[in-house]
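Reviewing the structure listed below.
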Amino acid sequence: MMLSKKTKYGIKALTYLARKSDGLPIQVHTIAEEEKISHKFLEAIMISLKKAEILQSKKGKGGGYLLNEDPANITMEKVIRVLEGPIAMLPCVSLNFYERCADCPDEKICSLNSLMLEVRDCTLKVLKNKSLYDLIA
């Protein structure tokens with residue numbers, strides 16, 4: 001699995017906010033300029049993160065986005081699920097988006113299924129144990 005630009009830019013924006021905000025909102029154009037991200041694309045990403053309650057926004061003069069909670073409480077698992085979707089590489093091993101593979105007669109004896117379960121579990125272990133704070137520390 002390769003991260004999409006959406007996820008990459010979302011994480012870059014979140015780390016920017018974690019490093020720079022000091023509890024004050026930061027405007028999207030500032031983040032976009034500093035991180036070399038399209039303003040329009042970043043705005044859509046920030047809206048997704050706000051809907052997932054990772055960010056909050058303030059309107060008006062001095063407005064912008066800020067983290068909704070301490071960076072130590074924002075796991076990479078949550079961020080990637082919001083921006084990327086399933087973490088599993090196959091739908092038959094997904095925790096939240098399970099779907100049986102049409103070409104598989106029996107998941108219990110499928111070697112690909114067992115391999116991808118292990119990959120999913122290892123990936124989840126890393127993502128659950130890494131927070132936004134870890135990325136900026």
Test for residue 9: is it among the hydroxyl-bearing types (Ser, Thr, Tyr) and either part of a loop (DSSP other than H, G, I, E, B) or closer than 19 Å to residue 72 by Cα (or both): no
Residue list for the range 55-75, restricted to those being under 16 Å from residue 19 (Cα atoms) and not polar (S, T, N, Q): 55, 64, 65, 66, 67, 69, 70, 71, 72, 74
Set 73, 96: member being over 25 Å from residue 5 (Cβ atoms) and within 16 Å of the chain's Cα centre (by Cα): 73
Check on residue 135, in a helix (DSSP H, G or I), under 19 Å from residue 7 (Cα atoms), of a type outside the set (Phe, Trp, Tyr) and touching a strand residue (DSSP E or B) at 6+ places or on another chain (Cβ under 8 Å): no
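Can you find even one residue in the range 83-95 that is assigned to a helix (DSSP H, G or I), at negative phi and modelled with pLDDT of 95 or more?
Let us first name the residues in the range 83-95 that are assigned to a helix (DSSP H, G or I), namely 83-84, 91-93.
Now narrow it down to the ones that are at negative phi: 83-84, 91-93.
Keeping just the survivors that are modelled with pLDDT of 95 or more gives 83.
Taking every residue of the range 83-95 in turn, at least one turns out to be assigned to a helix (DSSP H, G or I), at negative phi and modelled with pLDDT of 95 or more.
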Within the range 39-74, tally of residues that are open to solvent by 40 Å² or more (accessible area, probe 1.4 Å) and out of contact with any Phe, Trp or Tyr (no Cβ under 9 Å at 6 or more places or on another chain): 13
Any hit, the range 116-126, residues being among the hydrophobic types (A, V, I, L, M, F, W, C), open to solvent by less than 70 Å² (accessible area, probe 1.4 Å) and part of a loop (DSSP other than H, G, I, E, B): no
Considering residues of the range 22-38 that are among the aliphatic types (A, V, I, L, M) and either loosely packed, with under 13 Cβ neighbours inside 10 Å or in a helix (DSSP H, G or I) (or both) only, the residue farthest from the chain's Cα centre (by Cα): 24
Hits in the range 39-57 - residues which are among the acidic types (Asp, Glu) and assigned to a helix (DSSP H, G or I): 43
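The values are calculated or read from the model by the stated rules, or taken from the named source; none is laboratory data. These numbers were taken from a predicted model, which means no experiment stands behind them. Cβ: placed from backbone, ideal geometry, glycine included. Neighbour counts: every protein chain shown. Heavy atoms of the whole protein, side chains included, go into the accessibility calculation; ligands, DNA and RNA do not. Shrake-Rupley method; radii C 1.70, N 1.55, O 1.52, S 1.80 Å.
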